[in-house]
Amino acid sequence: MERSQPPRISGSAGVTLLELMLWVLLLTLAVQLLALPLRVHADSLVLRGVREELAALLHRARMEARVTGEARVLLEEGSDPVLLVPVPESPTHRDSSAYSPDPSGATAMHVRPTGIVGLLDRGVRLEIAGERGTAEIAYGPLGVATFSPATVVLRRGEAEAQLVISGYGRLRR
């Protein structure tokens, strides 16, 4: 007894390996094209978070200056992290163990910062617009800074966020 074969649909014998590879290539390209804008958006969200943390640190320094009389924030390009440094009230109140002699003969102060914003672990670069590479913002007892205005630029990938610090220590995002 002979077996009959199932009827064949004309013109279609299945999917070849070449066709399958072409579909995989097209899907990969489509995903790549969609992922690029999402990556830039994710970078901008990270920068917004870092900018708000930096603004909160500056606000905290202002409040600490009102309580303790002075507070300083150190911003330096290419360094990590941004620090809120405590300032002792007077030389008589300083702890002698916090100081160590510098080879140049000056006295160097080693203090533990009270506030920190990490940047490099999130892939963020800090740049200060203009010629200077560092900025030290010192807030006085009224919570007002005496500082030449600066624009802090935060970059990650293609995204960028700015924080403008006025001469009195006020912020504009």
Per the filter on segment 149-173, residues part of a strand (DSSP E or B) and touching an Asp or Glu at 6+ places or on another chain (Cβ under 8 Å) are 152, 153, 154, 155, 156, 159
Residue pairs qualifying under the 9 Å Cβ cut-off, at least six apart or on distinct chains, with the first in segment 159-172 being within 27 Å of residue 141 (Cα to Cα) and in contact (Cβ under 8 Å) with a residue 60 or more places away in the chain and the second being polar (S, T, N, Q) and outside any strand (DSSP E or B), are 169/146
Among 112, 125, 94, 62, the single one that is farther than 20 Å from residue 146 by Cα and at pLDDT 75 or above is 125
Taking first residues from segment 45-59 that are within 14 Å of residue 120 (Cα to Cα) and second residues anywhere that are part of a helix (DSSP H, G or I) and polar (S, T, N, Q), the pairs with Cβ under 7 Å that are 6 or more apart or on different chains are none
The residue from 146, 134 that alone is at pLDDT below 85 and touching an Asp or Glu at 6+ places or on another chain (Cβ under 6 Å) is 134
Just a yes or no: is a residue in segment 79-87 modelled with pLDDT under 80 and more than 24 Å from residue 167 (Cβ to Cβ)? yes
Against the definition (outside any strand (DSSP E or B), in contact with a Ser or Thr (Cβ under 7 Å, 6 or more places away or on another chain) and without any contact (Cβ under 8 Å) to a residue 40 or more places away in the chain), how does residue 130 come out, yes or no? no
Farther than 30 Å from residue 145 by Cα, modelled with pLDDT of 80 or more and not in a helix (DSSP H, G or I), is that true of residue 73? no
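The values are calculated or read from the model by the stated rules, or taken from the named source; none is laboratory data. Computed from a prediction, not measured in an experiment: that's the story for all the values here. Neighbour counts run over all protein chains shown; Cβ positions are idealised from the backbone, glycine included.
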